[in-house]
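Contents: one structure, followed by commentary.
The values are calculated or read from the model by the stated rules, or taken from the named source; none is laboratory data. Because the structure is a prediction, the values reported are computed rather than measured. Using ideal geometry, Cβ is built from the backbone for each residue, glycine included, and neighbour counts are taken over all protein chains shown. We work out accessible area using only protein heavy atoms, side chains counted, and drop any ligands, DNA or RNA first. Shrake-Rupley method; radii C 1.70, N 1.55, O 1.52, S 1.80 Å.
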Amino acid sequence: NLNTSYGKMSKYQDQLNSGKVLTRPSDDPVVAVKGMGYRVDIDKIGQFTRNLNEVNSWIDTTDEALDQVGTALHRVQELLTQASNDTNSTDERKKIEAEISQIQQQIRDVANTKMGENYIFSGTNTSTPLYTDTELGTLSTAPGLEKSIQINVFDGVNMAVNTPGLQLFSSIDNALTNVSNVLKSNTSTSTQIGALITNIQDQTGKVLEQRAIVGASQNRAEIMGNRLSLQEVNVTKQLSQNEDTDYAKTITEMTTQESIHQAALSVGSKIIQATLVDFIR
């Protein structure tokens, strides 16, 4: 009984020192298994959080790139409005065309934007640029350019992180090529040039549509981040309730056990009488 009492006090002392009710799985297999499950959940939440950070990086980079495209197209509209004036000479329109050609090159460069080592507008073929030759406007023919990349951000929940840009940028590029051809022509009229503005406005509208989709993805990612944070707090709390020492309860139980132990020692001293040798000492 004394040995058993020592064992119980040692267990309570370990719980107070470690802050955990378990020192080994055999102490309580049910609690140990539940604790393993909670730790797996916390590890998964950590991975989902890292995935979500990757999602936010892709989305933010895409939004910034599309903003640059929208700004460039707005500048093209201004130049076309200026060129549509009949007071402009052929040489002046060619100068305007030269600037628009530079804007076209700039948009092609934006189409080849990278996030880390990945081309963000090349669908699932992230190792290949959308434009293999920005000077000539040569689009890539690699497979997967129109597919979206899915990243797992929660159990059974995937998010598309990229904006496949083949159709968008090819449409913009064709529109700007048409603008350049009209402005280069010596016979172009202000009516023909004015008609180009409507087409550029349509392209701007397509860019805004894509930005709206990206904005919705940003909102969803933010909501998912909040959900992960709440889930982490909840699971951590459950893990604490499952394994952490209840100090008030443990101290009370240890004090009680110490009293029992002292009583056992007192009884033992009466049972085990001193011998003549003890008196001689």
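Things worth noting here:
- What you get for the chain, charging only the Cβ of Lys and Arg (+1) and of Asp and Glu (-1), is a dipole of about 1000 debye around the Cα centre.
- Per-residue Karplus couplings for the stretch 50-55, computed as 6.51 cos²θ - 1.76 cosθ + 1.60 with θ equal to phi - 60°, are listed in order as 5, 4, 5, 4, 5, 4 Hz, Gly and Pro entered as x.
- Among residues other than LEU52 with Cβ under 11 Å from its Cβ, the summed charge is +1 (Lys and Arg +1, Asp and Glu -1).
- Gain on full stretching of the segment that runs from LEU2 to ILE260 - 0.36 nm per residue minus C-alpha separation: 91.9 nm
- Computed from Cα positions, the angle between helix 190-243 and the longest principal axis of the chain comes to roughly 0 degrees.
- Contact order normalised by residue count of the stretch 1-116, Cα under 8 Å, 6+ apart, percent: 23
- For the stretch 191-242, a simple Cβ point-charge model (Lys and Arg +1, Asp and Glu -1, everything else neutral) yields a dipole of about 140 debye relative to the Cα centre.
- Exposure ranking of LYS184, LYS114, LYS95 by accessible area [1.4 Å probe, largest first]: LYS95, LYS184, LYS114
- Options [x] 1, 5, 9, 10, 9, 8, 7, 6, 5, 5, 4, 4, 4, 4, 3, 3, 3, 2, 2, 2, 1, 1, 1, 1, 0, 0, 0; [y] 1, 5, 8, 11, 12, 13, 12, 11, 9, 7, 5, 3, 2, 1, 0, 0, 0, 0, 0; [z] 1, 5, 12, 18, 20, 19, 14, 7, 2, 0 - which one matches P(r) over Cα pairs in 5 Å bins from 0, in percent as calculated here: [x]
- Against the chain, whose longest principal axis is taken from its Cα atoms, helix 247-271 shows a tilt of about 20°.
- Normalising the average separation of contacting C-alpha pairs (under 8 angstrom, six or more residues apart) by the number of residues puts the relative contact order of the chain at 29 percent.
- Cross-link table LYS184/LYS206; LYS34/LYS147; LYS147/LYS237, entries beyond 30 Å C-alpha to C-alpha: LYS34/LYS147; LYS147/LYS237
- Cα long-axis angle, helix 166-184 against the chain (0 to 90 degrees, to the nearest 10): 20
- The stretch 82-123 and the stretch 133-186 have Cα centres separated by 15 Å.
- Applying the Karplus relation 6.51 cos²θ - 1.76 cosθ + 1.60 with θ = phi - 60° to the stretch 77-94 yields 3J(HN,Hα) values of 4, 4, 5, 5, 4, 5, 6, 6, 6, 5, 6, 6, 7, 4, 5, 5, 5, 5 Hz, where x marks Gly and Pro.
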